[in-house]
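*Asks:* Have a look at the structure that comes next, please.
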Amino acid sequence: MNLIEWIELPSLGDQRGSLVVGEAGKHIPFDIKRFYYIFDVDMQVPRGFHAHKELVQVAFCIQGSCKMLMDNGKEKSEVLLNQVNKGLLIPPMIWHEMHDFSKDCILLVLASQHYDENDYIRNYTKFQAIRD
Ligand code: T46
């Protein structure tokens with residue numbers, strides 16, 4: 001699997017304005033059990049710094065921009081999220097860090113599972129040991 005995989009949603013705008021649509025199972029590769037959004041960010045403070053054991057997520061920057069560092073333990077890649085209809089797939093066991101938020105950034109994240117702190121790996125050394 002590629003470290004960076006984008007999910008592009010149909011943009012159905014017309015003269016009245018823009019509309020982006022996503023359907024679970026069709027565009028989003030899982031049943032969405034939870035969503036959350038990050039906004040009103042402190043631009044100087046990075047977030048994330050963890051991997052998930054089983055959770056699958058897709059992150060859309062629906063306003064402004066931010067960067068996401070993706071790390072599978074062997075390879076790292078940093079991408080810019082700045083398109084409302086282009087989401088970044090965050091598979092399990094990918095260490096991820098978000099930074100360089102624009103002031104107006106709204107990051108919408110769709111998640112395959114309910115919140116479970118036990119699914120987080122927040123220690124990078126432990127993450128690497130599990131990946132090896
Ligand atoms: C992720 C990245 C992209 C909850 O109680 N329920 C929730 O659904 C979420 C997402 C968070 N929380 C609590 C846990 C913490 O006490 O909200 C607090 C902030 O969460 P956290 O520090 O994990 O936030 P980020 O921005 O570092 O990470 C979040 C997600 O937690 C994480 O799953 O992949 O965004």
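*Asks:* Checking the structure you have, find out if any residue of the range 44-58 is more than 17 Å from TYR115 (Cβ to Cβ) and modelled with pLDDT under 95.
*Replies:* Yes, because at least one residue in the range 44-58 is more than 17 Å from TYR115 (Cβ to Cβ) and modelled with pLDDT under 95.
*Asks:* Output the qualifying pairs, or none if there are none: Cβ atoms under 6 angstrom, residues six or more apart or on different chains, first residue in the range 55-71 and at positive phi, second residue of a type in the set (S, T, N, Q).
*Replies:* GLY64/SER102
*Asks:* Consider only pairs whose beta carbons are under 6 Å apart and that are at least six residues apart or on different chains; among these, list those whose first residue lies in the range 108-132 and is within 20 Å of PHE30 (Cβ to Cβ) and in a strand (DSSP E or B) and whose second residue is within 11 Å of the ligand (Cβ to nearest atom) and of a type in the set (D, E, K, R).
*Replies:* Matching pairs, first to second residue: ALA111/ARG34.
The values are calculated or read from the model by the stated rules, or taken from the named source; none is laboratory data. This is a predicted model, so every value here is computed, not measured. Neighbour counts are summed over all protein chains in view; Cβ atoms, including those assigned to glycine, are modelled from backbone coordinates with ideal geometry.
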